[in-house]
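Novice: Input: one structure, supplied below.
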Amino acid sequence: MESKYHYFKRDISWLSFNYRVLLEADDDSLPLYERINFISIYSSNLEEFYKIRVAEHKAIASGGQSDDMTQEEARHLIHQITEVVNNQMEDRIRIYERKIVPALRDHHIVFYQSKQEVEPFHQEFIRNFFKEEIFPYLQPVPVCKNRIKTFLRDNRLYLSVRVTRKDTGEKEYYIIKLPYSKVPRFIELPRQGENFYLMYMEDIIKANIDRMFPGYELDCSYCCKISRDADIFVDDAASSEVMVEQLRKKVKKRKIGAVCRFVYDRKMPADYLEFLVDAFGINRDELVPGDKHLNLEDLSHLPNPHKELYVQLKPRPMKLNCLDEKESIFRYVNKKDLMLHFPYHSFGHFIHFLYEAVHDPACREIMITQYRVAENSEVINTLIAAAQNGKKVTVFVELKARFDEENNLATAEMMKRAGIHIIFSIPGLKVHAKVALVLRYNKEGKQTRSYAYISTGNFNEKTARIYADSGLFTSNEVIVNDLHTLFRVLRKEVTEPRFKRLLVARFNLLPELRRRIGYEINMAKAGKEARIVLKMNALQDPA
């Protein structure tokens, strides 16, 4: 029977999700700086979307192999994405320019958006700030097709400038990389009365750019940026050692990946854009019109000089009364399972669980998976303490965690030096499981009551305060044994495991899900109560 349901394309659906993030910035009931932060999140999400998803489609459209779509389908999808993003950009500009900037002014924060807006009492400050703080780091590079090859770095903001020689009338183009590593993007100007003042660094440069080109007439200047393919392809059939070396090399090359979009100020004249496209070798389908101010993910760092303009305070994660500092998690879980819900519950309970394992004489072994961990991770520090305390610690490190490859390599090396046994990615498999196992033994060496932790979230103290996840502590013997079997699979000690309770991808997850869905279908056909509740990031399996 043909299904009467229609499904959205994965990428168009994702763009709808991101648009929902943007609409939070349009909500007048939210604190102003929360709304500003939603614009930042929307922009950051979109940047990653282009670097991964759109870059993949562009590779297919230009002749790459794919089991999911043809070249023509990839081209059509890219066209759809461009159309959707352009429509969203209109809303993003409306929300930012017509609602956010005026709302800041209503709260006595004047955010200059151009040279023309600058009040007379700030003119001298801007000139001096440019001369002393910005100018020393600026290096205009001429843009000349076939004569000078200019490389634009990934996600770096550039100011393109067109000038006219006074002696010959000849037009010349220059590109200037904005020095964000040296100067903040947002400059706080001297306060006047009850008003605070802010200005973009690029607008201060534009206000003084004539000083950089003596003997020239300034024609115009516009910001632009390039997003490059950031996905890393490694030989999935290679050994862990080969994969590590491949990743080390390819992570360094991420900044020079293929261009997947060229974002430019939409007010740029057509002939100006044509020159840049030609000079930088940009394909037409890589052009994405943007606003005057690009890289608005930086708005997450917008100064808040007005102390009364608070950022929405999020509730502090709650510590369970049944698990105060003196209470043993092991003793509690002996009696019954315990489920934590993040970010509402404190991630400190998991740290407490690991600390208890470190100091428990019966605990001989700790096993855990690592997908994304926080910088200076308390989880990693506790595992190191366990190894130094004589415990056998095994950590499976998933090297293919996108954008965390370098961090995972670095933490793996640190743990290795501390005596922790590291297992790297398995060929042909990406391990998303977030699980931990504490194995305990009696004096005779026989395994005694042990503990498992199974979670939907990473072992990351920072994201545990933001993302909605669940974590289960249990001493259920069947689950503990299943989890031990899973780690034996990761250690390549078992190739055909049997799981009694856990559903594990690649082994029994899909067959069991299909069986359960089939059961509900049969219940519904029989006129009995039937329902399916699934919580997930995405549904991609065709069957």
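Novice: At most 16 other Cβ atoms within 10 Å and a DSSP loop assignment: could you name the GluC sites (Glu not before Pro) in region 437-484 that fit?
Specialist: E444
Novice: Among DSSP beta bridges whose residues both lie in region 321-507, state the antiparallel percentage, nearest 5.
Specialist: Taking every DSSP beta bridge with both residues in region 321-507, the antiparallel ones total about 70 percent.
Novice: Here is a further query. Whole-Hz ³J(HN,Hα) for each residue in region 147-160, computed from phi via Karplus 6.51 cos²θ - 1.76 cosθ + 1.60 with θ = phi - 60°, x for glycine and proline: what do you get?
Specialist: After applying 6.51 cos²θ - 1.76 cosθ + 1.60, I find 10, 10, 8, 9, 9, 9, 6, 4, 6, 9, 8, 10, 10, 9 Hz.
Novice: Amide H neighbours of D219 under 5 Å, counting only residues 5+ apart in sequence or on other chains, H built in-plane at 1.01 Å?
Specialist: Residues meeting the amide H criterion: R162, V163, T164.
Novice: Also, quick follow-up: With θ set to phi - 60° and the Karplus curve 6.51 cos²θ - 1.76 cosθ + 1.60, what are the ³J(HN,Hα) couplings of region 23-29 in order, to the nearest whole Hz, using x for Gly and Pro?
Specialist: 5, 4, 5, 8, 8, 5, 7
Novice: Could you tell me how many degrees, from 0 to 90 and to the nearest 10, lie between the Cα long axis of helix 405-417 and the main elongation axis, the longest principal axis, of the Cα atoms of the chain?
Specialist: Helix 405-417 sits roughly 50 degrees off the main axis of the chain.
Novice: Further question on the same structure: Can you work out the Karplus-derived ³J(HN,Hα) for every residue in region 533-538? Use 6.51 cos²θ - 1.76 cosθ + 1.60 with θ = phi - 60°, whole Hz, and x for glycine or proline.
Specialist: Result, rounded to whole Hz: 10, 10, 10, 7, 7, 7.
Novice: What angle, in degrees between 0 and 90 and rounded to the nearest 10, separates the Cα long axis of helix 240-252 from the longest principal axis of the Cα atoms of the chain?
Specialist: The helix 240-252 is inclined about 20 degrees to the chain.
Novice: If we count other beta carbons within 10 Å of each Cβ, what is the order of L399, L483, L294, fewest first?
Specialist: L294, L399, L483
Novice: Using alpha carbons only, how many degrees (0 to 90, rounded to 10) separate the axis of helix 32-49 from the longest principal axis of the chain?
Specialist: 80
Novice: Show me the trypsin sites (Lys or Arg not before Pro) within region 472-512 that DSSP assigns to loop and that have at most 14 other Cβ atoms within 10 Å of their Cβ.
Specialist: Here the trypsin sites (Lys or Arg not before Pro) that fit, given the DSSP loop and packing criteria, are R491, K492, R498, K500, R501, R506.
Novice: Loop only by DSSP, 12 or fewer other Cβ within 10 Å of the Cβ. Give me the GluC sites (Glu not before Pro) in region 132-204 that pass, ordered by residue number.
Specialist: Within region 132-204, the qualifying GluC sites (Glu not before Pro) (loop, at most 12 other Cβ atoms within 10 Å) are E170, E194.
Novice: For H345, list long-range residues whose amide hydrogen, built 1.01 Å from N in the peptide plane, is under 5 Å from its own amide hydrogen.
Specialist: Residues meeting the amide H criterion: M318.
Novice: Whose amide H sits under 5 Å from the amide H of L198, counting only residues 5 or more places off or on another chain, with H placed in the peptide plane?
Specialist: Those lying under 5 Å, H to H, from L198 are V110, F111, Y112, L189.
Novice: Run the numbers on the chain and let me know its relative contact order in percent, using alpha-carbon pairs under 8 Å that are six or more apart.
Specialist: It comes to 12 percent, rounded to a whole number.
Novice: Check the straight Cα-Cα distances from K131 and name the lysines below 22 Å, setting aside those fewer than 8 residues away within the same chain.
Specialist: Of all the lysines, those that pass the test against K131 - Cα under 22 Å, at least 8 places apart if same chain - are K115, K177, K182, K206.
Novice: When the helix-only estimate is applied to the chain (DSSP H runs of n ≥ 4, each -39,500 (n - 2.57), divided by the residue count), what is the mean residue ellipticity at 222 nm, nearest 500 deg cm²/dmol?
Specialist: Calculated from helices alone, the mean residue ellipticity at 222 nm is -10500 deg cm²/dmol.
Quick note: the coordinates plus some simple rules give every number you see, no bench work behind them. Since this is a predicted model, take the numbers as computed values, not measurements. Here Cβ is always computed from backbone atoms with ideal geometry, including for glycine, and neighbour counts include all displayed protein chains.
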